[in-house]
């Protein structure tokens, strides 16, 4: 059974989480009748002690993949892309085959291509630095002959690499840079005015807990220039940008994140224009099937699960001092999103709640 709580109880939980789990927490929920709830607790930066607010942008990391998948589906709707064609039709320089089977665009979208998932913790650069272009990053981390752990389609295995390749496909099909195409084709019709790939001046600061496995790994794998002086039990991180925009580069406020959930609940209609046809939304939320015919816990971008007798679709994001999740319950017409300024913040403690409508 899905837990249901009051707004007052939610606010108390947010305050407790800001005291124990992350310096700052932002929560948002909406229903398909237009009701919206936005709440926050804690501070945006432990050094300045400035109060965090729902209007502040935070890094979404891998939730960006849902926006990338949406852009791919739009190109498919326009007849410019075949989801079941080999990805090498648009990426001839990359070998994506194992045991005679080639990975398709659909395999990349559903994480069934067999690609590995190297830890991307070092795929970042400070905001005043110039990072590698998408082609250069892919050449470095994917290469021409990436190792496939299994035949494409046999099973599900999450991989950031697949979404880097999807970003390249979007660029080659559309003739635009990925960031510009996503802004025009997805963010604008959704009404996401404050979301993008550049670091905004009012972005809430990411924090890494010092005495944690993630904190120790980050200090070992990241250059010290990414860290500010420690504050209590945390290291605040300096402002940075991801090298690979298609797999996790979006930064925005929680309300813009909810706009994607709202579009899916509305059958593809965005705030300003239709983003997807209803058939595309249904494809995104339909379980992918393995080559043996077994349902997999993934659609096209969206991870699929259930809470009691209620199905949900979700995506997590996290790294570099931030943690995020977007979850929708289509049968309830309910979406929830939470953003925390600490890498290991337990998002599911909030997204699995259905808040009683204020």
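Regarding segment 341-350, can at least one residue be identified that is without any contact (Cβ under 8 Å) to a residue 60 or more places away in the chain and not in a strand (DSSP E or B)? Yes, segment 341-350 contains a residue that is without any contact (Cβ under 8 Å) to a residue 60 or more places away in the chain and not in a strand (DSSP E or B).
For segment 37-51, the candidate set comprises residues that are free of Cβ contacts under 8 Å to residues at least 40 places away in the same chain and in a strand (DSSP E or B); within that set, the residue that is surrounded by the most Cβ atoms within 10 Å (Cβ to Cβ) is 40. Looking across segment 109-137, the residues that are without any contact (Cβ under 8 Å) to a residue 60 or more places away in the chain and closer than 20 Å to residue 62 by Cβ come down to 113, 114, 115, 116, 117, 118. Candidates in segment 52-74 are the residues that are touching a residue at least 60 places away in the same chain (Cβ under 8 Å) and assigned to a loop (DSSP other than H, G, I, E, B); of these, the one that is surrounded by the fewest Cβ atoms within 10 Å (Cβ to Cβ) is 55. Mind checking whether some residue in segment 169-188 is within 21 Å of residue 88 (Cα to Cα), out of contact with any strand residue (DSSP E or B) (no Cβ under 9 Å at 6 or more places or on another chain), free of Cβ contacts under 8 Å to residues at least 60 places away in the same chain and in a helix (DSSP H, G or I)? The answer is yes, given that some residue of segment 169-188 is within 21 Å of residue 88 (Cα to Cα), out of contact with any strand residue (DSSP E or B) (no Cβ under 9 Å at 6 or more places or on another chain), free of Cβ contacts under 8 Å to residues at least 60 places away in the same chain and in a helix (DSSP H, G or I).
Residue count for segment 22-35 satisfying the condition of being assigned to a strand (DSSP E or B) and either exposed (fewer than 15 other Cβ atoms within 10 Å of the Cβ) or in contact with a helix residue (DSSP H, G or I) (Cβ under 7 Å, 6 or more places away or on another chain) (or both): 6. Of all residues in segment 85-99, those being part of a loop (DSSP other than H, G, I, E, B) and in contact (Cβ under 8 Å) with a residue 24 or more places away in the chain number 7. Just one of (1) part of a helix (DSSP H, G or I); (2) touching a residue at least 40 places away in the same chain (Cβ under 8 Å); (3) over 16 Å from the mean Cα position of the chain (by Cα) fails for residue 255. It is (3).
Does segment 103-116 contain at least one residue that is within 22 Å of residue 318 (Cβ to Cβ) and at pLDDT below 95? Yes - at least one qualifying residue is present in segment 103-116. Against the condition surrounded by 14 or more Cβ atoms within 10 Å (Cβ to Cβ), touching a strand residue (DSSP E or B) at 6+ places or on another chain (Cβ under 7 Å) and at pLDDT below 95, how does residue 227 come out, does it pass? When the stated conditions are applied, residue 227 passes them.
Mind checking which residues of segment 136-168 are touching a helix residue (DSSP H, G or I) at 6+ places or on another chain (Cβ under 7 Å) and in a helix (DSSP H, G or I)? If the condition is that a residue be touching a helix residue (DSSP H, G or I) at 6+ places or on another chain (Cβ under 7 Å) and in a helix (DSSP H, G or I), then 137, 138, 141, 160, 161, 162, 163, 164, 165, 166, 167, 168 are the ones that fit.
Scanning segment 194-214 for residues that are touching a strand residue (DSSP E or B) at 6+ places or on another chain (Cβ under 9 Å), surrounded by fewer than 20 Cβ atoms within 10 Å (Cβ to Cβ) and more than 12 Å from residue 250 (Cβ to Cβ) returns 210, 214. Among the residues of segment 147-155, is any crowded, with 17+ Cβ neighbours inside 10 Å, closer than 21 Å to residue 245 by Cβ and touching a residue at least 40 places away in the same chain (Cβ under 8 Å)? There is no residue in segment 147-155 that is crowded, with 17+ Cβ neighbours inside 10 Å, closer than 21 Å to residue 245 by Cβ and touching a residue at least 40 places away in the same chain (Cβ under 8 Å).
The values are calculated or read from the model by the stated rules, or taken from the named source; none is laboratory data. As the structure is a prediction and not an experimental result, all values here were calculated from the model. Note: ideal-geometry Cβ built from the backbone for every residue, glycine included; neighbour counts use all protein chains shown.
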